[in-house]
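Everything below concerns the one structure shown next.
The values are calculated or read from the model by the stated rules, or taken from the named source; none is laboratory data. Nothing here was measured: the structure is a model prediction, and the numbers come from that model. Note that we place each Cβ from the backbone using ideal geometry, even for glycine, and neighbour counts take in every protein chain shown. The area values use the complete protein model at the heavy-atom level, side chains included, leaving out ligands, DNA and RNA. Shrake-Rupley method; radii C 1.70, N 1.55, O 1.52, S 1.80 Å.
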Amino acid sequence: MLQGLYLLIVVSAMHRVGSAGNTANSTRPRKEKRLTYVLSDADDTKHCAGINCLAVLKASVSGCDYLFTGSRDGTLKRWALAEDAATCSATFESHVDWVNDAVLAGDNTLVSCSSDTTLKTWNCLSDGTCTRTLRQHSDYVTCLAAAEKNSNVVASGGLGGEVFVWDLEAALTPVSKSGDSMEDDSSTVVNGSGNALPITSLRTISSSNSISVHTTQSHGYVPVPAKGHKESVYALAMNDSGSLLVSGGTEKVVRVWDPRTGSKTMKLRGHTDNIRALLLDSTGRYCLSGSSDSMIRLWDLGQQRCVHSYAVHTDSVWALASTPTFSHVYSGGRDLSLYLTDLATRESLLLCTGEHPILQLALHDDSIWAATTDSSVHRWPAEGRNPQKIIQRGGAFLAGNLSFSRARVSLEGSTLVPVYKEPIFTIPGTPGIDTAGSVKLWEITRGVVIEDYGKVTFEEKKEELFEMVSIPAWFTVDTRLGSLSVHLDTPQCFSAEMYSVDLNIVGKPEDDKVNLARETLKGLLAHWLAKRKQRFGVQASANGDAPSGKEVTTRSITHSRIEVDSNTENDSMVYPPFEFSTASPPSVITEGSQGGPWRKKITDLDGTEDEKDFPWWCLDCVLNNRLPPRENTKCSFYLHPCEGSAVQILTQGKLSAPRILRIHKVVNYVIEKMVLDKPLDSANPDTTLAPGLAGGPVQLSAIGDASFRSGLKPWQKLKPSIEILCNNQVLSPEMSLATVRAYIWKKSEDLILNYRVVQGSK
């Protein structure tokens with residue numbers, strides 16, 4: 001098994017092990033920006049993690065309706081809806097973390113927010129083009145709200161306690177700015193590929209239903225801040241005209257704002273736990289709130305009080321959707337159940353119960369879409385135009401106004417029966433790697449699953465596949481996005497090497513050392529390199545402006561000493577163990593010197609990306625064949641005869657060799673240096689060593705690969721036969737020095753090897 005390339009992963013209990021990497025989702029400070037690639041063995045037209053948000057776009061005149069879904073896999077998808085079918089017609093990929101919410105602003109703009117702290121705008125009818133990235137939040141952006149009749153207004157809230165109101169027209173329209181003005185990173189607007197776009201002073205909108213644009217000469221457009229939250233914000237809602245905004249979160253109160261100025265108008269108390277969902281009626285008079293206290297409350301904002309509370313759920317309420325007239329509310333949450341409640345009569349009905357908590361709801365004609373922590377989306381009957389039809393069928397109960405612990409008492413002896421057993425239609429997802437429940441073996445340098453062992457015991461499979469081989473931890477992994485994300489951090493990612501013969505690379509000298517990270521980067525960026533050569537010629541530079549290919553060195557050399565990998569030619573050839581699929585290509589997540597993190601399929605890179613987009617060390621490796629200084633690529637050791645052995649060799653000092661050097665190379669070295677002018681059974685302690693080689697330390701080159709490339713037969717055929725031992729254990733000729741040190745020597749001191757002639761050899 002090629003231990004440096006494979007990763008065994010179990011997904012049922014979030015338990016993972018890497019043979020040549022570790023699975024820590026590293027949170028340590030990193031001086032250099034990392035490169036991540038996201039692998040998936042699933043259908044790219046399906047989500048592979050929970051669905052956090054939904055948005056329905058109705059066809060204006062002709063054509064089909066669209067459903068937009070945003071997922072914990074970091075992508076959004078557009079589904080073309082038919083009566084009993086849904087086709088994925090576009091994937092929107094640019095966020096580098098969970099997509100937490102999405103709203104439609106007008107007929108053409110989709111706005112999304114993410115745990116990557118950004119908002120992104122998209123042409124919702126395009127093939128997935130991100131038009132802008134908006135940066136203002138300091139932490140995860142959890143929720144959005146849009147004004148149905150004012151497509152220019154969108155509000156955002158997040159874990160940093162921040163609420164911002166955006167004028168989309170102003171935020172998305174760059175104009176020329178004064179020559180001495182400077183951009184501020186926190187409010188930079190960038191496009192989907194991470195390139196900075198100029199932002200400048202923008203017109204001020206003063207109409208009653210619009211936002212006053214805050215501008216400064218130096219910072220360009222800044223959204224209107226609604227200041228007042230001291231803790232995380234989980235929910236927002238806005239009335240149709242955009243003149244009223246409500247927010248809620250961990251402070252357990254509903255705050256009401258004037259979004260045009262960001263000023264607070266009132267604070268509503270009553271919930272006893274986090275507020276997780278909010279709705280406003282079209283006029284802005286009534287507000288519905290759902291909370292982790294399991295209650296739904298109806299507020300009259302004119303009277304500034306709660307007029308009704310509904311004890312419907314038995315656990316946290318996470319999702320609300322109302323009929324257009326605000327007469328009925330659909331609610332879902334942690335108790336896996338979807339309820340319909342008449343707000344006037346308090347009659348409530350259990351519509352359905354699923355297997356996963358409900359995160360968001362979206363009414364669509366006479367049905368309702370439900371997003372859950374599963375990767376599939378279900379469409380249920382809802383009679384949205386006349387929900388009373390469902391209630392009239394019977395089976396409803398009267399929602400109490402007490403907390404759920406008391407409400408359950410009133411329901412004792414009666415078991416609620418859901419009205420619907422099965423959804424009308426399901427858009428299937430694929431199980432996330434953290435929920436699939438199977439054990440898989442991945443070849444991470446090609447991004448493919450070598451073997452799916454199914455639902456087996458991970459520890460048993462790990463023990464079965466275990467080989468005593470030591471490879472430096474050159475990558476880390478996590479499964480936060482529902483897929484396998486492989487992280488490369490410099491310089492540690494360049495610590496692992498293998499011989500070309502062990503990788504079965506044809507046409508390369510057997511003893512050539514292959515750096516796994518370098519070749520993986522070449523494989524990932526093969527499409528980008530090809531496009532770059534088409535644009536700039538064979539010797540395309542890192543910044544794209546000149547053909548020399550050396551410009552990136554100025555910055556890199558100022559950071560650290562650079563090593564040129566002299567064992568590998570500076571070419572773009574991708575060897576078979578490092579070829580990634582173009583049919584199911586991985587995505588790259590990284591950032592360069594400007595614009596912040598971004599994500600793209602490797603086949604969508606067009607060759608224009610440069611040091612503004614990629615880390616300098618990545619470009620320096622791929623374009624200029626330079627690697628950063630690496631630690632622990634050498635292994636120091638002493639080589640002594642076994643006690644009582646008559647065989648002596650010509651060096652008694654410390655030796656140094658590559659960590660990956662095999663023991664059979666040490667055997668060759670011993671034989672080459674052996675003193676054979678005395679009988680092998682002689683134990684003369686005064687055996688003379690060749691002059692000049694006894695004593696002091698011997699450098700790497702003395703026992704490097706080159707010593708064994710000419711004039712020597714394979715180790716198996718050499719006579720006399722030599723054995724190498726460590727801690728009195730005979731070593732396999734195929735073991736590397738690193739493996740011996742890790743599994744046999746097991747000490748921090750320099751390795752000590754012993755050699756002896758095998759008894760009976762000639």
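Of all lysines in the structure, the ones whose alpha carbon falls short of 27 Å from that of K46, not counting any fewer than 8 places away in one chain, are K58, K77, K120, K421, K440, K455, K600, K601. Maximal additional length on extending the R393-V449 stretch stands at 15.1 nm, based on 0.36 nm per residue less the C-alpha distance. For S291, the residues whose modelled amide H falls within less than 5 Å of its own, excluding neighbours fewer than 5 places apart on the same chain, are R276, V317. Stretching T265 away from E579 to a fully extended chain increases their span by 107.1 nm, per 0.36 nm per residue minus the current alpha-carbon distance.
Compare the peptides 353-363, 373-383, 286-296 by average per-residue count of other Cβ atoms within 10 angstrom and give them in order, highest first. Working shown, then result.
On the way: 353-363: 19.5, 373-383: 21.7, 286-296: 25.1.
In decreasing order of mean packing, 353-363, 373-383, 286-296 become 286-296, 373-383, 353-363.
Highest-first packing order for the peptide set 41-47, 622-628 is 622-628, 41-47, based on the mean count of other beta carbon atoms within 10 Å.
Here the 3J(HN,Hα) profile of region 459-476, calculated from phi with Karplus coefficients 6.51, -1.76 and 1.60 at θ = phi - 60°, is 4, 5, 5, 4, 5, 5, 8, 4, 10, 7, 9, 10, 10, x, 6, 9, 8, 10 Hz, Gly and Pro shown as x.
Pop out the carbon and sulfur fraction of the accessible area of region 34-138 as a percent, whole number, probe 1.4 Å. It would help to have the intermediate numbers written out before the result.
Numbers: 1490 of 3380 Å².
Here it works out to 44 percent.
Kindly state, to the nearest 0.05, the FRET efficiency for K654 paired with E463, given R0 = 45 Å and r defined as their beta-carbon distance.
Values: r = 36 Å, r/R0 = 0.81.
FRET efficiency, K654 to E463: 0.80.
For E32 and S126, FRET efficiency with R0 = 41 Å and r from the beta-carbon atoms, rounded to 0.05?
On the way: r = 34 Å, r/R0 = 0.83.
E between S126 and E32, to the nearest 0.05, is 0.75.
Of all lysines in the structure, those lying under 26 Å Cα to Cα from K746, and not within fewer than 8 positions of it along the same chain, are K461, K462, K513, K634, K654, K665.
Suppose R0 equals 22 Å; then what is the FRET efficiency for D366 and A344 from their Cβ-Cβ distance, rounded to the nearest 0.05?
Numbers: r = 21 Å, r/R0 = 0.94.
Once the sixth-power term is evaluated, E becomes 0.60.
Rounded to the nearest Hz, the phi-derived 3J(HN,Hα) couplings of region 115-132 under the Karplus curve 6.51 cos²θ - 1.76 cosθ + 1.60 (θ = phi - 60°) are 5, 7, 6, 10, 9, 10, 10, 9, 6, 5, 9, 8, 8, x, 7, 7, 8, 7, where x marks glycine and proline.
Candidate cross-link partners of K508 among the aspartates and glutamates, defined by an alpha-carbon separation under 12 Å and a same-chain spacing of 8 or more, comprise E569.
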